[in-house]
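Everything on this sheet refers to the single structure shown next.
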Amino acid sequence: TAGVPEADQLELFSVLAAILHLGNIAVRGRDRRGDGCFVEPDDEALGMFCSLLGVEVSQVTRWLCHRK
């Protein structure tokens, strides 16, 4: 456990699992030139990512395709 309390371990595992699910989200291009992208809102990995971090799917789909 490396001196990390159990409650903190569970939180760390949640964040790590979310990062792994983030890598499985399918981001697709809108056209052949690669201008723009979209993420299916019913993507299973997206749902898991959002539930693990407690964020809204609509916000994540927006910010995966729009940088600021």
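The values are calculated or read from the model by the stated rules, or taken from the named source; none is laboratory data. If you're wondering where the values come from, they're calculated on a predicted model, not measured in any experiment. Counting neighbours? That spans all protein chains shown, and the Cβs are built from the backbone with ideal geometry, glycine included. These area figures cover heavy atoms from the full protein model, side chains too; ligands, DNA and RNA do not enter into them. Shrake-Rupley method; radii C 1.70, N 1.55, O 1.52, S 1.80 Å.
Some notes on this structure:
- Over the chain, the ratio between the Cα radius of gyration and 2.2 N^0.38 Å evaluates to 1.36.
- The chymotrypsin sites (Phe, Trp or Tyr not before Pro) of the chain include none that meets both criteria, a DSSP state outside H, G, I, E and B (loop) and at most 11 other C-beta atoms within 10 angstrom of the site's C-beta.
- Carbon/sulfur fraction of accessible area - the chain, other protein chains in place, 1.4 Å, %: 55 percent
- Here the extension length gained between Ala2 and Arg62 equals 17.8 nm, from 0.36 nm per residue of separation less the Cα-Cα distance.
- Using the 1.4 Å probe convention, the accessible area of the chain works out to 80 Å² per residue with neighbouring protein chains retained.
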